[in-house]
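Below: one structure, written as structure tokens.
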Amino acid sequence: MLPPKLVLITGAAGNVGQTVLAGLRPHFALRAFDRVPTPGATDAQLGDLADRAAVERAVAGIDTIIHLGGCPRMDADF
């Protein structure tokens, strides 16, 4: 039997990210990536998508990326 694929979820701490994380948890090995801590993630990395080094660390060993990172509001304060 093959080991489970390692899936990176960017934006994992957000509303959609949390739903995807919960739905995929029984089927895949998951890594969460977000600017804030991700509740319920056993493999979580903090970082910003604009930080190349943080992204390179997050994608190391990853088989698949589900990209949900982004700002849901146009008026968000960065």
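No value in this document is a laboratory result; all are computed from the given coordinates. On a predicted model such as this, the values are computed, not experimentally measured, just so you know. Using ideal geometry, Cβ is built from the backbone for each residue, glycine included, and neighbour counts are taken over all protein chains shown.
What is the residue count in region 12-26 for residues that are out of contact with any strand residue (DSSP E or B) (no Cβ under 9 Å at 6 or more places or on another chain) and surrounded by 19 or more Cβ atoms within 10 Å (Cβ to Cβ)? Adding up the residues that qualify gives 1. The set of residues from region 37-59 being surrounded by 11 or more Cβ atoms within 10 Å (Cβ to Cβ) and aliphatic (A, V, I, L, M) comprises Ala41, Ala44, Leu46, Leu49, Ala54, Val55, Ala58, Val59.
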